[in-house]
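The values are calculated or read from the model by the stated rules, or taken from the named source; none is laboratory data. The structure presented is a predicted model; accordingly, all values stated were derived computationally and were not measured. Counting neighbours? That spans all protein chains shown, and the Cβs are built from the backbone with ideal geometry, glycine included.
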Amino acid sequence: MKVAGSRGASLAGLARLRQGTYRLLATLLLYPDPETLRVTPEAARSLGRASSWAAGLAFYGAWDNLLRQVANLGPTEAEELQEAYSVLFVGNAVQKAVSLCESAYVDPLAMPPGQLIAQVETDYAAAGLHVASRGQAPDHATVELEFVSFLCGVEADAWNSGLSLKALDALERQRRFLGQHLGQWLPSLARSVTSRDEWGFYSGVTRVAWTLAAHDVDFVTALTTYHRSPVKTREEFASC
């Protein structure tokens, strides 16, 4: 099944925008080193120019505010952000770190950490990926967000090539991963960060990640259902 040119291009553009959004959020949950602070402002400005279509969505206000903050990051903010990240996610003798790993938020009796990590690694491998042994943990927020970004990229390429079945497979992988993982534990992460974040930046990042994941579960479900539905008008069928 192929997608007509203009419709496929529109769906590809939306997937590409979502790819960039998840990638930016993944990057913002890494330590803000000089290279990260160099590239993220332009990425935020680019996404801001492309995100006006979402102005009516519930999470747009928080998303737009975060993009503006990131777009304005400069050398003067670096030290403050690094301190905030270290206090929140590395911890010290006074304050325990907030974990950025899913296994810290899942009941170990319901899902032992080893089983959870094996589950996400299976998802990555099924999509042709593996986590570098010297990188972040497989269930780290950055890795999971980057995985969804990757799937959005696969989806965009498929729409551009007119391969709707491949695009729908990528959407289904997104739906499952968001529903089973990020959508389940990001709310707890956001609440933990918000309760401790004196600076406000990382509470904004985690709240946006949470609300985006929640929105996207519904969005990709609706899009997949529509394109798989056998009940369509002739015009709708011709455009798919």
Could you grab me the full set of residues in segment 109-127 that are assigned to a loop (DSSP other than H, G, I, E, B) and touching a helix residue (DSSP H, G or I) at 6+ places or on another chain (Cβ under 9 Å)?
111, 112, 127
Note down all Cβ pairs under 9 Å where the first residue falls in segment 20-34 and is outside any loop (DSSP other than H, G, I, E, B), the second is aromatic (Phe, Trp, Tyr) and at pLDDT 95 or above, and they're at least six residues apart or on different chains.
22/147; 22/150; 23/150; 26/147; 28/201; 28/202
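A quick yes/no check of all residues on (1) within 11 Å of the chain's Cα centre (by Cα); (2) of a type in the set (Ser, Thr, Tyr); (3) crowded, with 19+ Cβ neighbours inside 10 Å:
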{"position": "174", "(1), (2), (3)": "yes, no, yes"}
{"position": "177", "(1), (2), (3)": "yes, no, yes"}
{"position": "181", "(1), (2), (3)": "no, no, yes"}
{"position": "200", "(1), (2), (3)": "no, no, no"}
{"position": "208", "(1), (2), (3)": "yes, no, yes"}
{"position": "221", "(1), (2), (3)": "no, yes, no"}
{"position": "225", "(1), (2), (3)": "no, yes, no"}
{"position": "228", "(1), (2), (3)": "no, no, no"}
Qualifying residues in segment 59-108 (those that are closer than 19 Å to residue 41 by Cβ and not in a helix (DSSP H, G or I)) - the one farthest from the chain's Cα centre (by Cα)
74
Do we find that residue 48 is surrounded by 12 or more Cβ atoms within 10 Å (Cβ to Cβ), touching a Lys or Arg at 6+ places or on another chain (Cβ under 9 Å) and assigned to a helix (DSSP H, G or I) in this structure?
yes
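I'm checking my understanding of the structure. Among residues of segment 207-237 that are of a type in the set (Val, Ile, Thr) and farther than 21 Å from residue 16 by Cα, which one is modelled with the highest pLDDT? Outline the logic, then answer.
If we filter segment 207-237 for residues that are of a type in the set (Val, Ile, Thr), which is where we start, we get 208, 211, 217, 220-221, 224-225, 231, 233.
If we keep only those that are farther than 21 Å from residue 16 by Cα as well, we get 231, 233.
Numbers: 231: 49, 233: 40.
It comes out as 231.
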Might you let me know whether segment 139-153 holds any residue that is assigned to a loop (DSSP other than H, G, I, E, B) and in contact with a strand residue (DSSP E or B) (Cβ under 6 Å, 6 or more places away or on another chain)?
yes
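Being free of Cβ contacts under 8 Å to residues at least 40 places away in the same chain and of a type in the set (Ser, Thr, Tyr) is the filter here; which residues of segment 100-117 pass it?
Of the residues in segment 100-117, the ones free of Cβ contacts under 8 Å to residues at least 40 places away in the same chain are 103-104, 107-117.
The answer is 103, and nothing else.
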Step by step: first the residues of segment 66-99, then only those that are touching a Pro at 6+ places or on another chain (Cβ under 7 Å) and either of a type in the set (Ser, Thr, Tyr) or in contact (Cβ under 8 Å) with a residue 60 or more places away in the chain (or both), then the one that is farthest from residue 31 (Cα to Cα). Which residue is that?
81
Scan segment 95-147 residue by residue and report those that are surrounded by fewer than 12 Cβ atoms within 10 Å (Cβ to Cβ) and of a type outside the set (A, V, I, L, M, F, W, C).
95, 96, 107, 114, 122, 128, 130, 133, 134, 135
Reported set for segment 19-39 where residues are farther than 24 Å from residue 217 by Cα and crowded, with 19+ Cβ neighbours inside 10 Å is 32
